[in-house]
1. If you take every DSSP beta bridge fully contained in the chain, what fraction is antiparallel? Give it as a percent rounded to 5.
2. Please check: in the Gaussian network model of the chain (C-alpha springs, under 10 Å), which one of MET113, MET103, MET91 has the largest mean-square fluctuation.
3. Find the relative contact order for region 171-283 and round it to a whole percent, using C-alpha pairs within less than 8 Å whose residues are 6+ positions apart.
4. Enumerate by residue number the GluC sites (Glu not before Pro) in region 1-109 meeting two conditions: DSSP loop (anything except H, G, I, E, B), and at most 16 other Cβ atoms within 10 Å of the site's Cβ.
5. In whole percent, what relative contact order does region 5-206 give with Cα contacts below 8 Å and a gap of six or more residues?
6. Where does the chain land at 222 nm, in deg cm²/dmol rounded to the nearest 500, when only DSSP H runs of n ≥ 4 count, each adding -39500 (n - 2.57), divided by all residues?
7. Using a ≥ b ≥ c from the Cα gyration tensor of region 215-274 (square roots of the eigenvalues), is it rounded, prolate or oblate, where a/c under 1.5 gives rounded and otherwise the larger of a/b and b/c decides, a/b for prolate?
8. According to a simple spin-label model (label point 7 Å from Cα along Cα-to-Cβ), what is the distance in nm between LYS196 and LYS231?
Amino acid sequence: MLMGNREIQSILDRHSIRPSRSLGQNFVTDPNIIRKIVRLAEIGPTDQILEIGAGFGALTCGLNEAKQIVAVEFDRYLIPALKETLTNAEMLGKTELLHKDAMDIRWSEFFAMRPGQWKMVSNLPYNISSTLLIDLLDHAPQITEILVMVQREVGERFTANVGTSNYGIPSVKAQYWAEVSIVGQIPPKVFFPVPKVNSVLLKFSRRENVEKVNREVMWRLVKAGFGQRRKMLRKSLKNHIEITAFSSAGIDSKSRPQDLTMENWVSLAIAAGGGRKDEHKQQ
């Protein structure tokens with residue numbers, strides 16, 4: 001059961017909720033946006049849902065068709081409001097409340113206690129969205145679908161095409177692990193407080209089969225290359241690979257990191273000695 005505008009405002013006032021700028025909090029107060037998120041997430045009765053940054057539960061209530069929900073919230077001042085919301089919606093029985101900083105969660109341990117495939121549906125705090133999404137892509141293969149609301153600039157970095165100014169480490173990471181796309185535009189007016197930036201809905205569908213490469217080698221090269229994105233790769237990677245690796249990979253050593261597709265980075269890592277080992281190992 002979704003909360004209406006009046007219910008949302010009531011719980012904000014009743015619990016004297018004041019969003020924290022330091023925690024990147026901007027709460028969705030428009031039930032139509034929540035309906036849109038739920039529709040795009042395609043939640044069914046067998047789905048297990050992870051929500052990070054549950055806030056006071058406005059989006060959580062929309063996830064009620066799921067089999068099980070884990071709602072992660074770091075702000076202790078929001079926990080009483082979240083519990084009240086879920087009690088009123090009769091969802092406490094299927095929702096596990098986790099008062100924790102998502103950046104401190106060891107995902108291998110988390111999912112060892114919660115087996116099966118998961119979807120993640122969240123309005124992510126602005127200040128952790130990029131780092132958290134990369135962490136989940138790298139270390140949480142149990143999450144097969146991700147639908148998150150993020151700052152537009154973050155969404156554009158994850159979906160950027162090769163050769164563009166936004167193309168970087170998030171782009172390569174996302175395109176290695178998943179099919180990723182922006183599936184919705186969200187105006188500032190639907191949030192409290194109203195942010196100075198626009199937001200988007202970003203969707204990841206994890207690939208069943210990823211390119212076979214030693215990912216530790218590949219990510220080291222990607223990080224080194226984009227760490228000096230204005231330099232030619234033969235200079236930025238000179239301490240990481242032999243110059244002959246470029247010709248072996250079919251890549252011009254004068255290229256810059258933004259010129260290489262995800263597949264090019266895989267080829268370069270293999271040529272640099274990354275082989276095709278660790279293909280089933282999560283790095």
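1. Taking every DSSP beta bridge within the chain, about 50 percent pair in antiparallel fashion.
2. MET113
3. 28 percent
4. Details: sites: GLU7, GLU42, GLU51, GLU65, GLU73, GLU84, GLU90, GLU96, GLU109; in loops: GLU42, GLU65, GLU90.
Filter output for region 1-109: GLU42, GLU65, GLU90.
5. Values: 359 pairs, mean separation 41.4, N = 202.
It rounds to 21 percent for region 5-206.
6. Helix contribution divided over all residues of the chain: -9500 deg cm²/dmol.
7. rounded
8. Between LYS231 and LYS196, the label points sit 3.4 nm apart.
We did not get these values from a lab; they are worked out from the coordinates using the rules stated. Being a predicted model, the structure only gives us computed values, none of them experimental. For neighbour counting, all protein chains shown are included, and Cβ atoms are generated from backbone atoms with ideal geometry for every residue, glycine included.
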